[in-house]
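To keep things clear, I will list the structure first and then write my remarks on it.
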Amino acid sequence: MRIEIRRLTTLAWPVAVTQISTMMLGVVDTLMLGRYAVEALSAAALANVWVWGTLQLAVGTLYGLDPIVAQAHGAGDGRRAGIALQRGLVLSVVLSVPLALLWFGTEEFLRAMGQDPALAAAAERYTLVQLPSLPFFLAFFALRQYLQGREIVRPALWVLLGANLFNVVANYALIFGHFGFPRLGLEGAGIATGATRVASLAALATLVIRFRLHEAAWVPWSRHALAWPGLREVLALGIPVGVQTSLEAWAFLGAALIAGRLGTHALAAHTIVFNLAALSFMMPLGVALAAVTRVGNLIGARRLDDAQRAAWVAMAMAAGLMAAAAGVFLALRHQLPLLYTPDLVVVGLAASILPIAAAFQIFDGLQVVGCGVLRGMGRTRPAAVFNAVSYWLLGIPLGAWLALSAGWGLAGVWWGLCIGLALVAASLVVWLRFRGPAHAARELV
């Protein structure tokens with residue numbers, strides 16, 4: 001157990017910091033737009049409902065690389081890992097096309113969801129300036145997953161730390177009009193986000209080439225990268241992950257749409273608490289991604305009992321981290337929202353729902369690690385089923401009823417999310433107990 005904890009920690013902490021650095025890109029946008037105007041903050045929040053909701057299917061599909069690369073690395077098959085990366089890069093370009101078409105419908109979607117027309121129009125402007133960065137963003141994910149599956153986790157960390165500095169400067173210049181740039185406000189934040197994505201891919205690719213991080217796991221480009229059976233393998237593993245992450249993301253993004261119907265201040269408060277919850281989520285997500293690699297490597301090496309042990313250790317680590325996060329949310333519920341806005345109405349609303357966000361922290365940690373273990377195993381469908389039932393048959397309908405019909409307001413939205421998360425977590429724990437790596441030996445060997 002001690003050996004497994006050390007090994008997972010070695011993998012998890014750079015990945016967790018990388019995830020936090022990724023999240024901080026959005027935090028910086030939220031902080032700066034909150035200082036610019038509440039309306040700009042709300043428009044960006046609505047835009048991100050659509051941007052992240054549509055992106056999740058594509059990003060989740062690229063997570064289909066995880067079991068292929070991790071198990072190939074565990075088995076010492078570098079050629080298979082290299083071809084998998086090439087197929088991921090091909091899919092990054094292909095998946096960008098339908099996403100771009102969806103982004104052109106941002107305003108129409110938001111208005112159909114009952115959002116304020118002026119905010120919906122502003123949200124579309126914020127979205128469309130990010131459009132050129134789409135294939136670069138997806139290619140960055142493909143390259144990062146390839147490195148991570150081979151237990152190379154620090155390059156992405158250094159790149160994203162640098163990307164945060166770049167993003168701060170770009171936001172400062174383009175939102176508020178400094179360093180000779182025009183004052184672009186909301187659109188400036190979108191341009192800064194797109195530029196940061198392009199720079200991140202360029203930096204990570206440069207590190208891979210400069211330090212030859214692809215050695216022993218690369219082959220020259222050939223028609224094999226475009227072969228349908230290989231692409232189908234990535235899609236068969238990745239689409240269920242994309243569905244699962246989309247269902248989860250849309251549960252929270254759908255909650256934002258419900259909050260938007262409660263008014264601008266409620267939406268701003270929801271955005272702040274969601275931002276904080278998403279930031280704490282990066283810690284167990286780092287553990288989950290480490291679990292994908294560790295479980296996949298051990299399965300590739302045919303060490304199935306060790307893979308089961310790694311799964312339970314990762315679950316316990318995530319629960320401990322999220323218990324600490326819950327304590328912070330409770331202790332600082334009145335102070336944390338002030339980091340985002342001086343508006344006391346928004347601060348009061350956010351403080352009132354932070355204890356509910358604290359209540360589901362451990363559930364959130366357990367479910368993300370459970371999904372990671374399933375990815376490492378190459379068993380990606382159960383998580384999609386659990387998410388569909390827990391969020392969309394229970395959590396979101398209940399939250400909408402509590403918020404809009406029962407008069408609970410914003411608290412009703414968050415209690416619905418809490419109940420949905422608890423059910424997902426419980427389902428995954430039971431599944432791993434009876435169908436985890438050690439219990440699925442005949443299927444995995």
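Just so it is clear, none of the values below were taken in a lab; they were calculated from the coordinates. Quick caveat, the model's predicted, so the values are computed rather than measured. Counting neighbours? That spans all protein chains shown, and the Cβs are built from the backbone with ideal geometry, glycine included.
Results, tabulated for the structure shown:
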| quantity | calculated |
| --- | --- |
| Tensor-based shape of region 35-163 (alpha-carbon gyration tensor, a/c under 1.5 rounded, otherwise prolate or oblate) | prolate |
| Val369, Val49 arranged by Cβ crowding within 10 Å, fewest neighbours leading | Val49, Val369 |
| Net dipole in debye of region 2-444 [+1 Lys, Arg Cβ; -1 Asp, Glu Cβ; about Cα centre; nearest 20] | 1340 |
| Added length on full extension, which subtracts the Cα-Cα distance from 0.36 nm per residue, Ala426 to Leu235 | 66.0 nm |
| Which of Val27, Val347 has the fewest Cβ neighbours within 10 Å, and the rest in rising order | Val27, Val347 |
| Separation of the Trp13 and Glu108 label points, Cα + 7 Å toward Cβ, nm | 5.0 |
| Shape box of region 1-94 [Cα atoms, principal axes, largest first, Å] | 53, 40, 16 |
| The chain - percent relative contact order, Cα under 8 Å, separation 6 or more | 24 |
| Loop-located chymotrypsin sites (Phe, Trp or Tyr not before Pro) in region 62-125, at most 13 other Cβ atoms within 10 Å (DSSP) | Phe104 |
| Region 248-350 - charge dipole about Cα centre, Lys and Arg +1 at Cβ, Asp and Glu -1, debye rounded to 20 | 200 |
| Length released on extending from Ala301 to Leu332, taking residue separation times 0.36 nm less the Cα-Cα span | 6.6 nm |
| Burial ordering of Trp221, Trp158, Trp52, fewest other beta-carbon atoms within 10 Å first | Trp221, Trp158, Trp52 |
| For region 360-420 versus region 4-25, the gap between their alpha-carbon centres in whole angstrom | 24 |
| Approximate spin-label separation Ile5-Val345, in nm, with each point projected 7 Å along Cα-to-Cβ | 4.9 |
| Inter-label distance, nm, simple model (7 Å from Cα along the C-beta direction), Phe181/Leu165 | 1.7 |
| MRE, 222 nm, helices only [DSSP H, n ≥ 4, -39500 (n - 2.57), over the chain, to nearest 500] | -27000 deg cm²/dmol |
| Distance histogram in 10 Å bins (all Cα pairs of the chain, percent per bin) | 5, 21, 33, 27, 12, 2, 0 |
